[in-house]
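Inspection log for the structure reproduced underneath, given as C-alpha cells.
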Amino acid sequence: MEYARDDLPVLVVGAGPTGLTAALELSRLGIAVRIVDAALEPSTTSRALGVQARTLELLRPRGVGDELVALGNRASRTALHAAGHRLASIEFTGMPSQFDYILLLAQSETERVLAEQLGRQGVKVERGIRFTTLTERCDSVAVVLTARDGATETVDASYVIAADGSHSPIRKHLGLPFTGRSLPQQYVLGDVRLHGDLAEDQLSIFLATRGFLAVFPLGDKRFRLMATDPDGLTGDRDEPTLDDVQALFDRAVGRPVRLCELDWSSRFRINSRHLETLRHGRVFFGGDSAHVHSPAGGQGMNAGIQDMVNLSWKLAMVLRGTARPELLDTYESDRLPVIRQLVAMTERATRVFNSTNLLAHAVLTRVAPLVLASARVQGKAAPRLGQLSASYRRAPLASGGGRLGGLRAGDRVPDAELAGGGRLYDLLDTAAPTLLVSGPTPDEARRIANAVGPWADVVGVRTVDLPAAVAAPPGWLLVRPDGYLAAAGPSGDVRRLHGWLERWLTTPA
Ligand SMILES: Cc1cc2nc3c(=O)[nH]c(=O)nc-3n(C[C@H](O)[C@H](O)[C@H](O)COP(=O)(O)OP(=O)(O)OC[C@H]3O[C@@H](n4cnc5c(N)ncnc54)[C@H](O)[C@@H]3O)c2cc1C
C-alpha cells in the first residue's frame with residue numbers, strides 16, 4: 001500500500017496560477033509545502049483574462065475571490081457581430097451563480113492576489129530555482145533543484161505537483177506523451193486603449209469572411225484584442241505593432257475607432273493537447289503542464305485552478321491519514337474527462353471561428369442567431385462557459401453515491417444563498433467532506449449520527465434548511481470540500497453515507 005510521508009513537504013514546481021492555487025490550498029490545510037519557480041520575477045503580462053464563475057465560487061471561500069472581483073471588469077454577455085450587425089449573444093446574467101458574468105482581469109493581477117494570500121499564509125515563492133531531475137523512492141520523491149548560480153539542492157518531497165506550464169520540464173523528464181495537435185492558425189494579441197464606441201460590459205466577437213477579432217473589455221477604455229490573420233496583414237513580427245492591430249481591427253469591425261497605447265502585444269499558435277494520465281507515481285500534473293488548448297471561451301487558467309482545488313483536499317486528507325491513498329487516484333478520474341471535453345470543445349469552437357470558407361461563414365452568420373435564440377441553448381451555453389456544468393457523475397468517487405432531488409453524486413452543489421444569511425459554501429469544511437442534513441425526524445437524525453460515528457472527528461455535520469436553489473427534498477448531502485456532491489440520500493437511507501465514508505476514508509483505530 002502507498003505510504004504517505006507527512007513529515008516531508010509537498011513540492012510545487014511552477015508559480016503560475018496553477019501552482020499558486022496548489023500551494024495556497026495545501027498550506028491553508030496545514031500541509032507543509034514548498035513552491036519554486038525558475039523565473040526570477042513574477043510575470044507582468046496580461047495573458048489569461050477570463051476568470052469564470054466556477055473559479056470565483058471556489059476562490060471566494062478560500063479568501064481571494066472578493067479581491068479578484070473588486071479588481072476585475074465584469075462582462076455580462078458574449079455578443080457576435082458580422083458585417084456591421086449584431087447577430088446574437090450568449091447571456092451570462094441567467095447563470096445559476098452569484099457570479100453571473102465573466103470577470104476580466106490580467107493574469108498578472110490574478111497571480112499577484114494569489115501570491116499575496118499565499119504570503120499571508122506564511123509561504124513564499126522561491127524564485128530563480130529550477131526543477132532539474134527527480135527520482136522516485138518507495139515512500140518519497142527526490143527532486144534536484146538548481147539555483148541561478150548553479151548550486152543544486154536535493155529536496156525530499158512526499159509528492160510533487162508539476163505546475164510547470166505547457167513546456168513542462170517534468171513531463172518531458174518523465175517522457176509522458178502530450179497527445180493532440182498543433183492548430184495551423186496564428187493569432188495576434190494586443191492590449192490597447194480605444195477611442196470610439198465599443199461596449200465595455202461584454203465580450204464582442206466580430207466575424208469576418210477571413211478570420212475574426214475578439215474584444216475583451218478591461219475597464220477604463222482598455223481592451224484586449226485577439227484576432228486571426230489569415231492574410232498575413234501583420235507580417236511575422238513577434239510583437240505586432242499598433243498599426244498591425246489597428247489593421248486587423250478595421251478589417252473585422254469596420255467602425256471608426258482609433259486604437260492607441262499598445263501595452264503588450266504577442267503572436268501565438270494554438271496547441272490542443274493533453275496528458276493521458278494526470279498522475280505518475282508521486283507526481284501530479286495540473287494546468288498547462290497537463291492540458292493546453294485554444295483560448296476560445298477563456299477556459300485554460302480556470303481549468304488549472306480547478307485542477308488544484310480538486311487535488312489539494314485529497315492530498316491533504318491522505319497526508320493527514322484521514323483518507324485512503326486510493327482517493328488520490330480520483331484526481332485523474334474526476335478531472336481527465338473534464339479536460340478531454342474542454343480540449344475538444346475549444347478545438348471545435350476554434351475551427352468554426354477560423355474558417356475562411358465563404359460558405360461556412362455564411363452558414364455561421366445565419367445559423368448562430370437562430371441557435372442562440374433558443375432558451376435551451378442559452379441555458380446550457382453560459383453555464384458551460386462559466387464551468388458551472390462540469391460534473392463528476394461518472395467518476396468512481398461518485399459511484400454508488402446516490403441522489404437527492406435533482407442533485408446526483410458528482411454534481412456541483414450550488415453555492416446558494418441561505419435563508420438566515422450567508423451562502424451554502426460558508427457551511428462547508430474545506431478540509432474534509434461536510435454532511436448537510438435537512439429536515440430529519442429525531443429518529444432519522446440519530447441514525448445519521450450513527451452512520452457518521454466512526455468518522456465524527458473528520459466529517460462535520462450541519463443541520464440546514466436547504467435553500468430553494470438546491471431544490472432537494474429533506475435528506476442528507478455529503479458535500480466535498482470543493483463543492484461537489486460525494487453522496488446523498490433521503491433521511492431514512494443512510495446506507496450510502498456509511499458506504500461512501502467506509503470506502504474513501506480511513507477508519508480510526
Ligand atoms: C500570450 C498568451 C495569451 C494567453 N491568453 C489566454 C486567455 O485569453 N485565456 C486563457 O484561459 N488562457 C490564456 N493563456 C494561457 C494561460 O496563460 C495559461 O493557461 C496559464 O498561464 C496556465 O497556468 P499554469 O500555472 O498552469 O502555467 P504557467 O502560467 O505557464 O506557469 C508555469 C510556471 O512554471 C515555471 N517553470 C517552468 N519550468 C520550470 C522549471 N524547470 N522549474 C521551475 N519552474 C518552472 C514557469 O516559470 C512558470 O512561472 C495565454 C497564454 C499566453 C502565453
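The values are calculated or read from the model by the stated rules, or taken from the named source; none is laboratory data. These numbers were taken from a predicted model, which means no experiment stands behind them. Cβ placement follows ideal geometry from the backbone for every residue including glycine, while neighbour counts extend to all protein chains displayed. For accessibility, only protein heavy atoms count, side chains too; no ligands or nucleic acids. Shrake-Rupley method; radii C 1.70, N 1.55, O 1.52, S 1.80 Å.
Numbers at a glance
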read-out: Computed accessible area, Asp6, all protein chains, 1.4 angstrom probe, square angstrom; value: 110 Å²
read-out: Helix-only CD estimate at 222 nm, as mean residue ellipticity for the chain, using -39500 (n - 2.57) per DSSP H run (n ≥ 4); value: -9500 deg cm²/dmol
read-out: Trp264, Trp500, ranked by accessible area, largest first (probe 1.4 Å); value: Trp264, Trp500
read-out: Charge tally in the Cβ shell below 10 Å around Met301, where Lys, Arg are +1 and Asp, Glu are -1, Met301 excluded; value: -1
read-out: 14 Å Cα-Cα reach of Lys221 towards aspartates and glutamates, excluding residues that sit fewer than 8 places from it in its own chain; value: Asp191, Asp197, Glu200, Asp201, Glu261, Asp263
read-out: Probe 1.4 Å, accessible area per residue of the chain, Å²; value: 40 Å²
read-out: Cut-off under 5 Å, modelled amide H: who pairs with Leu134 long-range; value: Val144
read-out: Degrees between helix 358-372 axis and first principal axis of the chain (Cα, 0 to 90, nearest 10); value: 50 degrees
read-out: Environment charge of Ala247, counting only residues whose C-beta is closer than 11 Å and scoring Lys/Arg +1, Asp/Glu -1; value: -4
read-out: Estimated translational D of the chain in µm²/s (Stokes, Kirkwood radius over Cα pairs; 4 °C; 1.567 mPa s); value: 54 µm²/s
read-out: Under 5 Å, built H, 5+ apart or other chain: amide partners of Gln52; value: none
read-out: Karplus 3J(HN,Hα) series, Hz, for the range 276-285 with 6.51 cos²θ - 1.76 cosθ + 1.60 (x for Gly, Pro); value: 8, 9, 9, 9, 10, x, 9, 10, 10, 10
read-out: Long-range HN-HN contacts of Leu505 with modeled amide H, under 5 Å; value: Arg324
read-out: For peptides 404-411, 22-29, 420-427, sequence by mean Cβ density within 10 Å, most packed first; value: 22-29, 404-411, 420-427
read-out: Unit charges on C-beta of K, R, D, E only; dipole of the range 109-167, Debye; value: 160 debye
read-out: Protein accessible area in the chain, 1.4 Å probe - carbon and sulfur %; value: 52 percent
read-out: Karplus-derived HN-Hα couplings along the range 343-357 (A = 6.51, B = -1.76, C = 1.60, θ = phi - 60°), whole Hz, x at Gly and Pro; value: 5, 5, 5, 5, 5, 4, 4, 5, 4, 4, 5, 8, 4, 9, 7
read-out: Relative contact order, percent, the range 370-509 [alpha-carbon distance under 8 Å, six or more residues apart]; value: 29 percent
read-out: Solvent-accessible surface (1.4 angstrom probe) belonging to Lys221, in square angstrom, nearest 10; value: 80 Å²
read-out: Cα-based helix-to-principal-axis angle, 375-385 vs the chain, degrees rounded to 10; value: 80 degrees
read-out: Karplus-derived 3J(HN,Hα), 6.51/-1.76/1.60, for each residue of the range 163-178, Hz, glycine and proline x; value: 10, 9, x, 5, 8, 2, x, 5, 4, 5, 4, 8, x, 8, x, 10
read-out: Those lysines that a straight Cα-Cα span of less than 30 Å connects to Lys172, excepting residues fewer than 8 apart in one chain; value: Lys124, Lys314
read-out: Most to least accessible of Arg258, Arg137 (protein chains only, probe 1.4 Å); value: Arg258, Arg137
read-out: Largest-first ordering by accessible area, 1.4 Å probe, given options Glu332, Glu276; value: Glu276, Glu332
